[in-house]
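One structure is given here, and the rest of the page talks about it.
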Amino acid sequence: MTCNDAKEMLYEYLDNEIDRDSYLQIKGHIDRCRKCCDKFEFEQSLKKLIKDRSQKFTISQTVRGDIVKALSDMRKARESDTKREKEQTNEDKSSRVIQLFLKRPAYALAAAFIPFIVSGLAVYFAFFKPTPPSPIIREIAECHDQHVNGNAVLELASSDQNELLRHFNKFRNFNFAVAAPESNDHKTKLLGCKDCYLVGRKSVHVDLERKLNRKFSLEIIDGSGMNINHLNEELVDGRVYYFGRHKGYNVVLWREGDTVYSLTSEARKNELIHVAKEGIRMRRGMAPQTFFPVRE
Amino acid sequence: MKSFGESEEKASTLEQSALEYMDTLFNFAMRMTGNREDAEDLVQETYMKMHRFLHTFDEGSNLKAWLFKILRNTFINKYRKKLREPQEVHDNNDDFSLYDTIAGESEYDPYGKSSFKIEEHIEDEVKEALENLPLAFKEVVFYSDLEGLTYEEISDVIGCPIGTVKSRLYRSRKLLQKLLWEYAKKKGYLKGE
């Protein structure tokens, strides 16, 4: 770098407007060249001198106060303006809504119903929302559905009371006390039976028919240690009936000792309880000897 | 859209920072107008404009430079001044160097022991010389030497390319040095010619 190169960059150097490389080059030159060093120092002190010796004026306190006050006043005015504008737009909005309702009363009527609909929905979801059926209700309903739709085959298809009784004696090998059901009134007819498993327990399924070909399913389930207390319950004539609903079928359960019975159909819950109470009865113990073939 | 409260708060903070530059702005206004009354009017007007246009201020940029720009434009509009470089000074001042002149006059020995002390040669001339610079020169010297704005900020304030800023600063300094020299000579501080 020559003295002329350095001189050309003099002010950019003093004003801190050069990149690092140029700075180092100039610095290197100044350190070596006494003449340039003096010149740069002179210019630097002159720059400083101009800054230091130039007159410093201060604005009068009155004017300063005026400006500060004017600014704060304007800011306050603007703030309240904007607030008022905001309120104005809110008013506009609400008055427009009122105008619309005045023009179209039907809309107002519809709007009036909204709170009722909303509260109705809220009540429904809070209190009447159907809870998912328990596994036992689901299985019993599915089993009934299969028998009603002919997807399941009975082991014994017979309405003969004696035949059924004999078959039930066979079920006793199942190892749980199966009482054989019998029709208790002329309206109820037994159609047949089969053994099966429900909720992992040994059970016997019985098809029933009531007037007008209405199909019922009676399940006799090994209920030892089984808990059905979580189901909805109702006390009828001193006996607890549990019930549930799945797939459009009503299921009513009751317990006798270690056996759980269930009755399933499309019929209403009260009718199911009626059938359970009046339509069928359980015969306990072994069937009478006379039902068996007499051995010589 | 920014919430009203948020932008309002930001504006209020900016205004507070702007108020800190009041003396700086007044200083500049004094140099441009030359009397207190006009300078105070200018500063007042600058703050009112700032308040009105604060929402247009780009937050990444230099608030001080932005305020200078407002004041400068207000000054130009109000006093119908043209802050253009005077043509005549171009001719013979470009090569003037105070250092070379003083060094030459005082038979300065570049390799001697005593270093050249500028303070010993010029004192109050600075004020006078600065005052008598043409406005276009005065303002760039003010921005750069007194207020420390960068070339880029100056170019933004005066609305000229950086190259123009550089050359104008160069000429301003040369002229200032010449004026300093002349005043010092007139007052006899320096033995001239």
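Let's see how each residue does on (1) out of contact with any Cys (no Cβ under 7 Å at 6 or more places or on another chain); (2) in a helix (DSSP H, G or I); (3) facing another protein chain (nearest Cβ under 7 Å):
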{"site": "A:Ser45", "(1), (2), (3)": "yes, yes, yes"}
{"site": "A:Lys48", "(1), (2), (3)": "yes, yes, no"}
{"site": "A:Lys51", "(1), (2), (3)": "yes, yes, yes"}
{"site": "A:Gln55", "(1), (2), (3)": "yes, no, yes"}
{"site": "A:Thr58", "(1), (2), (3)": "yes, no, yes"}
{"site": "A:Thr62", "(1), (2), (3)": "yes, yes, no"}
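Among the residues of segment B:46-73, those that are over 21 Å from B:Arg168 (Cβ atoms) and away from chain A (no Cβ under 14 Å) comprise B:Thr56, B:Phe57, B:Asp58, B:Glu59, B:Gly60, B:Ser61, B:Leu63. Residue-level check: of (1) within 11 Å of chain A (Cβ to nearest Cβ); (2) assigned to a helix (DSSP H, G or I); (3) surrounded by fewer than 19 Cβ atoms within 10 Å (Cβ to Cβ), B:Gly148 misses just (2). Being modelled with pLDDT under 80, within 11 Å of another protein chain (Cβ to nearest Cβ), assigned to a helix (DSSP H, G or I) and surrounded by fewer than 18 Cβ atoms within 10 Å (Cβ to Cβ) is a condition met by no residue of segment B:106-118.
Restricting attention to segment A:65-72, does a residue exist that is among the polar types (S, T, N, Q), away from chain B (no Cβ under 11 Å) and over 30 Å from B:Leu179 (Cα atoms)?
As a first pass, look at segment A:65-72 and keep what is among the polar types (S, T, N, Q): A:72.
Still in the running and away from chain B (no Cβ under 11 Å): none.
Within segment A:65-72 (the criterion being among the polar types (S, T, N, Q), away from chain B (no Cβ under 11 Å) and over 30 Å from B:Leu179 (Cα atoms)), the answer is no, since none of the residues qualifies.
Of all residues in segment A:21-45 being in contact with a helix residue (DSSP H, G or I) (Cβ under 6 Å, 6 or more places away or on another chain) and among the aliphatic types (A, V, I, L, M), which is nearest to A:Glu8 (Cα to Cα)? Among them, the one singled out is A:Ile26.
Residues that are assigned by TED's automatic domain parsing to the domain that holds A:Gly200 and over 23 Å from A:Phe168 (Cα atoms): find the strands (runs of 3 or more DSSP E) completely inside segment A:217-282 holding 1 or more of those.
Details: elements: A:232-236, A:239-246, A:249-256, A:259-265.
Qualifying strands (runs of 3 or more DSSP E): A:232-236, A:239-246, A:249-256.
The values are calculated or read from the model by the stated rules, or taken from the named source; none is laboratory data. Here the structure is a predicted model, which means the values were calculated and not measured. Methodologically, a virtual Cβ is constructed for each residue, glycine included, from the backbone with ideal geometry; neighbour enumeration extends over all protein chains shown.
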